[in-house]
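Here, each number is a calculation from the coordinates, and none is a lab measurement. Note that the coordinates shown come from a computational prediction; the quantities given were computed from them, not determined experimentally. Quick reminder, even Gly has a Cβ in these numbers, built from the backbone with ideal geometry, and neighbours come from all protein chains shown.
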Amino acid sequence: MMDNNKENTIPGRAAGEIRSVSLVTLGCKVNHCDSASMATELRRAGFNLAAFPSCADAYVINTCTVTAFTDFQARQLVRRALRANPHARVIVTGCLAQTQPQMLADIPGVSAVLGNDHKHLIAALLSRPVNDFPLVLAGDIFRQKNFPPLPAARLAGRTRAFFKIQDGCDAFCSYCIVPYARGKSRSLPVADVSAGAHRFAGQGCKEIVLTGIHLGNYGHDLSPPVELARMLENLLPQNRQVRFRLSSIEPLEVTDAVLSLFDRHDNLCPHLHIPLQSGDDHILKKMKRGYDRNFYQSLINRVVREIPDIAIGVDVMVGFPGEGEGEFFRTLSLLEELPVAYLHVFPYSERPQTAALEMTPKVADKTKKERAATLRALGAKKREAFSRKFLGRMLPVLVEGSPDKKTGLPRGFSHNYLPVILTQGADCQTNTVVHAKIDGVCDGRLTGEVVYG
């Protein structure tokens, strides 16, 4: 394993041996932001980007390790790449590369493994020979103090721009491997956030999604420190023609200052994703979540009271060690009561280095699947009920680049993150905000007639 001070020791050669690169990504929006930045760097270096898994000279696999299944997917993608071109150079990066680099290096055919602290070197690495296979570059991620040195870039084929402004996490929830994969919380300086948003706006973006591993912790590491709400207070009025959306934000970080922004800035989308994980206080304490059931319930009810039309998404985990029938029922009953718009349901997955790995009693896989199915069914009902509240209403919809697969009609997302199929009316130009009168709901998707652009 090589440390950060070795990263410039790759022997040089003339560029041009590798012409086409295929880049594939697993995991969260932050990982996809990293891939968009890597794609930009690859194009600048003169490489052609090929769709995965077409035959290419090189493959870059940006991995996730949040569950055992994503680890399996990463290994499968390596094998798919090698089947597409057995002679290709295969580089594996991302969170699994950071936490288990040697396991990936031991897969026959892997050329290089680069942790999250080295993924900015990929374009340069592909322009040089690597004589010792596999090359492993994965240093101590906790030594990283600066924001990752990759340029902000727009995701290909996306109308909305996903803009990573924070990385890393200091929370160390007992089930979560992410701090070991991403390191300490680091923030993009305020001036760079403003410059990046201005650049996206100049490219014609009508919506910017601000993302991070621990977004609510934005700015605590800057000098002087700055709160997320204060940064937004400056950012939102600078770009009134762009609507901004926040990605996931922890319950304890939905502060008065954050909530007040929605009333004063109409370009902040009324949509929050606020993880719950469990509705049982004992399980929450074992998870090291820092709040209890009553706090979460009061918070959600307050947010819904204060912000008209807001959509609230919820992460919830099933099968955490010690979750019996009573604990699961308390989670289910809480979610039944809460006025939320949708659920993201995850079965607990054992992760190396985490405290929960040693916790007992374990929950059987069959039980996890049954509980996840129960909550997903509840989530579908919640989504349908929330969507029906907007029948007969007018909603602003940002038109996406690709039409609806089932109907072929234009589609987009409302300001509060509802998918809308646009049935008739004015021409719907991609990347424009139109106003649609909602006239139907089917499987959580709205239909609406465009009234004016």
Students often forget the sequence filter, so: which aspartates and glutamates lie under 20 Å Cα-Cα from K184 once same-chain residues fewer than 8 apart are removed?
D3, D34, D117, D140, D167, D170, D192, D221, E227, E250, E253
Listed by chain and number, the lysines with an alpha carbon less than 17 angstrom from that of K285, same-chain partners under 8 positions apart left out, are K362
Could you give the alpha-carbon Rg of region 156-261 over 2.2 N^0.38 Å, rounded to two decimals?
1.08
Calculate one ³J(HN,Hα) per residue across region 137-142 by plugging θ = phi - 60° into the Karplus curve 6.51 cos²θ - 1.76 cosθ + 1.60, and present them in order as whole Hz with x for glycine and proline.
10, 8, x, 6, 4, 6
Rounded to the nearest 20 debye, dipole of the chain from Cβ charges on Lys, Arg, Asp, Glu:
900
Could you work out how far helix 29-44 tilts from the main Cα principal axis of the chain, as a 0 to 90 degree angle to the nearest 10?
50
Out of every Cα-Cα pair in the chain, what percent are more than 39 Å apart?
23
Among G319, F346, S298, the residue whose Cα sits farthest towards the positive end of the charge dipole of region 288-355 (+1 at Cβ of Lys and Arg, -1 at Cβ of Asp and Glu, taken about the Cα centre) is S298
Put in order of increasing Cβ neighbours within 10 Å, starting from the fewest, D117, D57 give D57, D117
Contour minus Cα-Cα distance for T423 and E325 (0.36 nm per residue)
30.8 nm
Could you grab the relative contact order for the chain? Cα pairs under 8 Å, six or more apart, rounded to a whole percent.
10
Which whole-number percentage describes the relative contact order of region 4-143, with Cα contacts under 8 Å and a sequence gap of 6 or more?
27
What is the dipole size for region 152-269, taken about its Cα centre, with +1 at each Lys and Arg Cβ and -1 at each Asp and Glu Cβ, in debye to the nearest 20?
620
Assigning unit charges at the beta carbon (Lys, Arg +1; Asp, Glu -1) and nothing else, what dipole magnitude in debye, to the nearest 20, does region 266-372 show about its Cα centre?
300
Going by amide H atoms built from the backbone, whose H comes under 5 Å of the H on G139, apart from near neighbours?
G115, D117
Calculate one ³J(HN,Hα) per residue across region 316-329 by plugging θ = phi - 60° into the Karplus curve 6.51 cos²θ - 1.76 cosθ + 1.60, and present them in order as whole Hz with x for glycine and proline.
9, 10, 10, x, 5, x, x, 7, x, 4, x, 5, 5, 4
Under 5 Å between amide H atoms, partner at least 5 residues away or on a different chain: which partners does D439 have, H built in plane at 1.01 Å?
G392, T447, G448, E449
Fewest-first ranking of I213, I107, using other Cβ atoms within 10 Å as the exposure measure:
I107, I213
Taking Cα atoms, the helix 68-84 axis meets the longest principal axis of the chain at an angle in degrees (rounded to 10) of 50
List the residues, sorted by chain then number, that are 5 or more residues from A311 or on another chain and whose placed amide H is less than 5 Å from its amide H.
H271, L272
Through the Karplus equation 6.51 cos²θ - 1.76 cosθ + 1.60, θ set to phi - 60°, convert the phi angles of region 339-351 into ³J(HN,Hα) values in whole Hz; use x for Gly and Pro.
x, 9, 9, 6, 10, 10, 10, 10, x, 4, 10, 5, 10
Could you put H32, H87, H282, H118 in order, starting from the residue whose Cβ has the fewest other Cβ atoms within 10 Å?
H87, H282, H32, H118
